[in-house]
Amino acid sequence: MPYYISLMRLTQKGLDELGNSPERGRISKERVEALGGRSVCLYATMGPYDFVQVFEMPDEASMMQYVMTARRDGHVEPLILPAFDASEWAGIVEKLKLRK
């Protein structure tokens, strides 16, 4: 399954309802699973983003559905990055060598 990394910033609503953040994390995991995906990990971070979450999702449409639901809730503004594991990356690089 494809991997996606979500870099999230809390919105003002998310900050105002910070006490509910652990519960929203549980709801997020359930939503991902309902779409056939998996939340690989979730970290609270310091810096320009408040959270980093890694997903495995069946396809881009499933990821988009999840993201739009999360945005509609209004607690976070996510930046979604498609990600490639080491094996996939090696395959991409190998294909580049063939075109040289």
**Message:** Between a residue in the range 60-73 that is under 14 Å from residue 3 (Cβ atoms) and any residue that is among the basic types (Lys, Arg), which pairs come within a Cβ distance under 8 Å, given they are 6 or more apart or on different chains?
**Reply:** 66/31
**Asked** Among the residues of the range 4-15, which ones are crowded, with 17+ Cβ neighbours inside 10 Å, out of contact with any Leu (no Cβ under 6 Å at 6 or more places or on another chain) and part of a strand (DSSP E or B)?
**Response** 4, 6, 8, 10
**Asked** Based on what the data block shows, is residue 76 touching a residue at least 60 places away in the same chain (Cβ under 8 Å), over 16 Å from residue 2 (Cβ atoms) and in contact with a Phe, Trp or Tyr (Cβ under 8 Å, 6 or more places away or on another chain)?
**Response** yes
**Item:** Contacts under 8 angstrom Cβ, first residue in the range 43-57 being free of Cβ contacts under 8 Å to residues at least 12 places away in the same chain, partner of a type in the set (Val, Ile, Thr), 6 or more apart
**Value:** 43/52; 45/52
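No value in this document is a laboratory result; all are computed from the given coordinates. Bear in mind the structure is a predicted one, so any value in this text is a computation, not a measurement. Please note: Cβ atoms are built from the backbone with ideal geometry, for glycine as well, and neighbour counts cover all protein chains shown.
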